[in-house]
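Nothing in this text is a laboratory measurement; each read-out follows from the coordinates by a stated rule. This one's a predicted model, so the numbers in the text were calculated from it and none came from an experiment. Here Cβ is always computed from backbone atoms with ideal geometry, including for glycine, and neighbour counts include all displayed protein chains.
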Amino acid sequence: MTATIEAPRTPARPARKGGANWEKWGWIYMRASGVLLLVLIFGHLFTNLMLGDGIHAIDFGFVGGKWADPFWQWWDVLMLWLALIHGANGMRTLVNDYTNPGAVQKVLKGALFAAAAVLIVLGTLVVFTFDPCPAGAPADLLPSFCAAL
């Protein structure tokens, strides 16, 4: 007796004709951004929780002082962008896995794209337009470096 493998019920997909392989690049992005996010997040946590007075030092003045330095602005923006794109790409994968191609899948992917884009824009605006020394604020609530301005 010889065993044979039954022919598949669906025909094989035609070979790709070139262009970018977005699934491959999405897979690579998830791995690279995951490693970079580990560094950024643990650096963020170490700086905020372990250095200085720890969690007791975190207040408006702490954030204002941190975001007065372009290094920390870019650190936080990079963390924001990578995390939102990483999360949206992961959700896109779930949408692909659990929905059939069609209108529902397009709406869900569009909603993911829109939510990630809005949050990226708003978060970036907050970081780069943050004013640690707002006019008219009580002096006792302002960071120490505001008095020099």
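The helix-only estimate of mean residue ellipticity at 222 nm for the chain, built from DSSP H runs of length n ≥ 4 each weighted as -39500 (n - 2.57), is -20500 deg cm²/dmol after division by the residue total. Cβ-Cβ distance of GLN105 and ALA32, R₀ of 41 Å, FRET efficiency by 1/(1 + (r/R0)^6): the value works out to about 0.95. Just how many % of Cα pairs in the stretch 1-123 lie over 16 Å apart, if you round to the nearest whole percent? Tail fraction, whole percent: 75. Long hydrophobic helices in the chain: the complete DSSP H runs spanning 18 Å or more by Cα along their own axis with mean Kyte-Doolittle hydropathy of at least 0.0 are 22-45, 70-98, 103-129.
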